[in-house]
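Here's the structure, in structure tokens; my notes come after.
Taken together, the values in this text are just the output of simple stated rules run on the coordinates, not laboratory data. Just so it is clear, the model here is predicted, and its values are computed rather than measured. Neighbour counts are summed over all protein chains in view; Cβ atoms, including those assigned to glycine, are modelled from backbone coordinates with ideal geometry.
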Amino acid sequence: FNQPWMLKKFQMGQQCLFSGKPKFRMGRWEFSHPYVQWLEEEDTEGENGVIIPKYRLTEGLKAGELRFFIRQALESSLSDVADPMPSEWLGNRKLPGITQSLRGIHQPQSIEQYRLSRRRLVFDDLFEFQLGLALRRQARRKVEKAPVLTRTAKIDSRIRRLFPFDYTEGQTHAVKEIARDLASGIGMHRLVQADVGAGKTVVAIDTMLVAVAHRWQAVMMAPTELLATQHWETIDEALRESRVNRALLTGSLPNSERERVLRGLADGSIHLVVGTQALIQQGVKFRNLGVAVIDEQHKFGVAQRAAFVNEGCEESPHLLVMTATPIPRTLCLTQFGDLDVTLVKDRPAGRQSVATSRITGPAARRRAWEFLIQKLRSGRQLYVVCPLVEESDDAALVSTAAEEVYRELASQELSQFKVGLVHGRVPRDQRDRTMEDFRERELDVLVATTVVEVGVDVPNATLMVILDAERFGLSQLHQLRGRIARGKYRGYCFLFSESETPEAISRLSVLERTNDGFEVAEQDFELRGPGDILGTRQHGSLPLRFSTWIREEKLLEFARDEAFELVHSGELEKPEFAELKRRVFHRFDQLLELSRTG
């Protein structure tokens, strides 16, 4: 053992059982840190063949002690544990009882018993959470009335005439699903996931115009003033020949203009408004809000989503939330489990693709810069995205790094071009001016942090360099490259990375291989888990006990189907499910309190 003190623990002739992970080395088998059981004289078998559980330990607590405490707890209290689910219901679904499962996960007699026991406990965790979501949705449907907004053939024709193109198959599918919601009289709560460049804004405008056609108001809220302004310009252009009275409401609006917009929203003379969080500040009142659209919803909190309510009005507005961040299915069923989900995958005709390449080493970098400079000279524009700093959230560190990159590029590789800089610590008005200069082609190159991830359309920007790309999540890299090739020219994205680890190479090769954001999101989810996909909605915020749920899509879907059926059928109200319902309310009380607004 190379541990002389161990000799004191063993005596000649003493019988022991060793268990652990064996290794074959130098012609013999050996154990490293085995579990040792000393046998009494009459105990010739001991726990031979028994599976020994391994637990995470805290300082001062030994594995053997913890196993002893758990064994004592099982012996003294397991018989008192009541199963919240009826045995017949469990049997029909091939799920073991709770006492059998608790015994089987701590003292399994076989790997199969452990697997079945673990499956039941993970199922309970997911099932109770999905019951909370189902109860929340049921309560919301009972109390929320919404305006009936039927999409007639006349309305459909009038809306489609506004756009100089045909809807894609994905957009058409989304419009049909939304039309069913709007006509139901029950408040719509729908998430539209669209890949980068798939045209989700068209779906949003279409939905708002259905409300306006029925003389209800519509609102669209974006996370930044720049993005709100871009949406406003798109809508204003589409409606230039219409009688729809529309307005833009942001924090930088002059007081006189703000007052005019507020009066128009309150008296109903403004039919459609686009803005930022200024839309949900005190003093903003709508006369009859029919549809609220929230763009990049994960950038907002639940309270902001719940803020669009018609004060003094029986009907609540229909809610449509939009994201260009493809979300893996398991995350959709949990983080957004209270929303109906629509996917828009296909891109409009003529939308260009992005060729992505991983660049490693001085020679490859030099060739990349030569290519980029050639494209810049031909009139194209370039984003240079600066890396995270030691995975830091410190805005000052990230901004300083961006400024250093800006100075270096402006004085060396890109000295012959007009270079701008934006990052999180630049004042918003200055940042917006710089972005506008880039859009108007007064700048050739924009050095930036990830503030450009959700940004404006710059059709002439076809080039992107992402420095230290291995520090970013795949979904974020996909979002960033989605900023380019939004016009008639093909895009080129260069992932600069000096990391030669197998993980880094494997991750970045995903982006070289595919432009499908949904495939990228699933790969990112597999590699990094859910916390890095949506940023502000960390998986740690979910009240789930088993972290492995993120890998259990089939079990999650099974739990969701069973939970929603139990609520929808009314079975949950039967006496045999009373304890289950009590547990759900105890665990998810705070969640269920949000049932009025979702």
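Quick rundown of the values:
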| item | result |
| --- | --- |
| Burial ranking of peptide ranges 75-87, 556-568 (average Cβ count within 10 Å, highest at the top) | 556-568, 75-87 |
| Among beta bridges that DSSP assigns inside the stretch 139-292, antiparallel share in %, nearest 5 | 10 percent |
| Phi-based couplings in Hz for the stretch 495-507 (Karplus 6.51, -1.76, 1.60; Gly and Pro marked x) | 9, 6, 8, 9, 7, 10, 5, x, 5, 4, 4, 5, 5 |
| Relative contact order %, the chain, counting alpha carbon pairs below 8 Å whose residues are six or more apart | 16 percent |
| From the coordinates shown, P(r) over Cα pairs in 20 Å bins from 0, in percent corresponds to which of (1) 17, 41, 30, 11, 1; (2) 14, 31, 40, 15, 1; (3) 14, 24, 18, 15, 12, 9, 5, 3, 1, 0 | (1) |
| The stretch 199-207 - phi-based ³J(HN,Hα) in whole Hz, Karplus 6.51/-1.76/1.60, Gly and Pro as x | x, 5, 5, 4, 4, 5, 4, 4, 4 |
| Taking Ile52, Ile178 and counting other C-beta atoms within 10 Å, the order from fewest to most | Ile52, Ile178 |
| Gyration tensor verdict on the stretch 354-514 (Cα atoms; rounded if a/c is under 1.5, prolate if a/b is larger than b/c, oblate otherwise) | rounded |
| Amide H contacts of Val192 (H built 1.01 Å from N, under 5 Å, at least 5 apart or other chain) | Val321, Met322, Thr323, Thr342 |
| Lysines whose Cα lies under 17 Å from that of Lys418, excluding same-chain neighbours fewer than 8 positions away | Lys375 |
| Cα gyration tensor shape of the stretch 57-138, rounded if a/c is under 1.5, else prolate or oblate by comparing a/b with b/c | prolate |
| Estimated 222 nm signal from helices in the chain, with DSSP H stretches of n ≥ 4 weighted -39500 (n - 2.57), rounded to 500 | -13000 deg cm²/dmol |
| Leu249 long-range amide H proximity, modeled H, under 5 Å | Val274, Gly275, Thr276 |
| Efficiency of FRET from Cβ geometry, Trp89 and Glu112, R₀ 22 Å, rounded to 0.05 | 0.45 |
| Cross-link table Lys176/Lys488; Lys154/Lys176; Lys94/Lys142; Lys94/Lys581, entries beyond 27 Å C-alpha to C-alpha | Lys176/Lys488; Lys94/Lys142 |
| Cβ crowding within 10 Å averaged over residues, with 91-103, 279-291 ranked highest first | 279-291, 91-103 |
| Residue exposure sequence - His478, His231 - by fewest surrounding Cβ within 10 Å | His231, His478 |
| Relative exposure of Cys386, Cys493, Cys16, judged by other C-beta atoms within 10 Å (fewest first) | Cys16, Cys386, Cys493 |
| Vicinal HN-Hα couplings computed from phi for the stretch 446-452 (Karplus, 6.51 cos²θ - 1.76 cosθ + 1.60; Hz; Gly/Pro x) | 10, 8, 8, 8, 6, 4, 8 |
| Share, in percent, of DSSP beta bridges within the chain that are antiparallel, nearest 5 | 15 percent |
